[in-house]
Amino acid sequence: MIDAQAPPIKSSQSASSTRHGSDRLRRILVYVVIAVLIVLIWEGSKAIFAIPDYKLPHLSQIAEAFLRPAAKGQVVWQILLYDAAYTMLEALTGFVIGGLVGFAFAVLFVHVPVARRGLLPFVIASQTVPIIAIAPMIVVGLGQLGAPPWIPKSAIAAYLTFFPVTINVLRGLESFDRDALALMRSYAATPMQIFTKLRLPNSTPYLFTALKIASTASVIGAIIGELPTGSKHGIGVQIINGAQTNTFNPGFLWATIVMASILGLLFYGAVALAEKLIVRWK
């Protein structure tokens, strides 16, 4: 009797690798199509509507602005990169402080109902004040107290960060299975055990949703803090310089905007990566 050899079966790992490769290729194609559409819409709008360069420069002018020589033998992109790093320091500091403060407020509101009823309306009302109105007061006030120049900008970034963290984490800490809570209490679990093993794990998706919002808000806050106060460093300073020279150098203003956008995307991408690594059970 001759045993027929079974045909080789493709392993699940190989199939998964093929699927991931196909998804990656599809994603790259989508990005390419989007980039082509942006170029066509951008340049087509200039040609059809005869938009002047000081209102909407050519994409080539923006690219040329990055490569233009600047003072002290530097290139424009090097200066913008340095200022973006300075703004990143301000935004990151504010992001961390605002996130911690917002998380602390949420925990306080969950465990102390009196504090929630008394303070939550003020937390909400704080976000109704235009940030551009209070930014100069924060920067000047902290500056007079002798704080380093980047501290007031970080305070503004923290101001924009803490609110979404507070509201979303508060929602997350209250979104858990009531039967699980009853079960833990039947086993005489302490409030700390209930918090660490039930409330906190269930709040992590809400936390990362808040951090994604806060990541870009912190960059905006840092840039706003640099605008009205005569700062020497930061991407906000370069935006002001670009606005002042926009008539005869329109590409530079848009180059600063591109750099600020890249900074916000980096912050958002870092939070999204952390979520992917931490919230595996979701």
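The values are calculated or read from the model by the stated rules, or taken from the named source; none is laboratory data. If you're wondering where the values come from, they're calculated on a predicted model, not measured in any experiment. Here the Cβ positions follow ideal geometry from the backbone for every residue, glycine too, while neighbour counts run over all protein chains shown. Protein only, heavy atoms only, side chains kept; ligands, DNA and RNA dropped before computing areas. Shrake-Rupley method; radii C 1.70, N 1.55, O 1.52, S 1.80 Å.
The table below gives the values:
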item	result
Positions within the stretch 148-176 being closer than 14 Å to G98 by Cβ and of a type in the set (A, V, I, L, M), in sequence order	I151, A155, I156, A157, A158, L160, V165, I167, V169
Meets criteria (touching a Lys or Arg at 6+ places or on another chain (Cβ under 9 Å) and either in contact (Cβ under 8 Å) with a residue 12 or more places away in the chain or surrounded by 16 or more Cβ atoms within 10 Å (Cβ to Cβ) (or both)) for S154	no
Failed item in (1) touching a residue at least 12 places away in the same chain (Cβ under 8 Å); (2) at negative phi, with M192 passing the rest	(1)
Of all residues making up the stretch 222-236, the number that are open to solvent by less than 20 Å² (accessible area, probe 1.4 Å) and of a type in the set (A, V, I, L, M)	2
Residue pairs meeting the criteria (Cβ under 7 Å; at least 6 apart or on separate chains; first under 16 Å from M259 (Cα atoms), in the stretch 211-226; second among the acidic types (D, E))	A222/E90
Selection count where residues are within 19 Å of L173 (Cα to Cα) and open to solvent by 60 Å² or more (accessible area, probe 1.4 Å), scope the stretch 122-134	1
Residue match in the stretch 181-202 (condition: of a type in the set (G, A, S) and at pLDDT 90 or above)	no
N246 being over 30 Å from D179 (Cα atoms) and in a loop (DSSP other than H, G, I, E, B)	yes
Filter pass, Y54 being open to solvent by 80 Å² or more (accessible area, probe 1.4 Å), closer than 30 Å to E226 by Cβ and modelled with pLDDT of 90 or more	no
Residue list for the stretch 199-226, filter: of a type in the set (K, R) and within 16 Å of the chain's Cα centre (by Cα)	K212
Residue in the stretch 25-40 that is in contact with a helix residue (DSSP H, G or I) (Cβ under 8 Å, 6 or more places away or on another chain) and modelled with pLDDT of 90 or more present	yes
Residues satisfying the stated conditions in the stretch 241-275, i.e. over 30 Å from A210 (Cα atoms) and surrounded by fewer than 17 Cβ atoms within 10 Å (Cβ to Cβ)	N241, A243, Q244, T245, T247, F248
Residue that is least open to solvent (accessible area, probe 1.4 Å), among those in the stretch 169-221 that are among the aliphatic types (A, V, I, L, M) and not in a helix (DSSP H, G or I)	A189
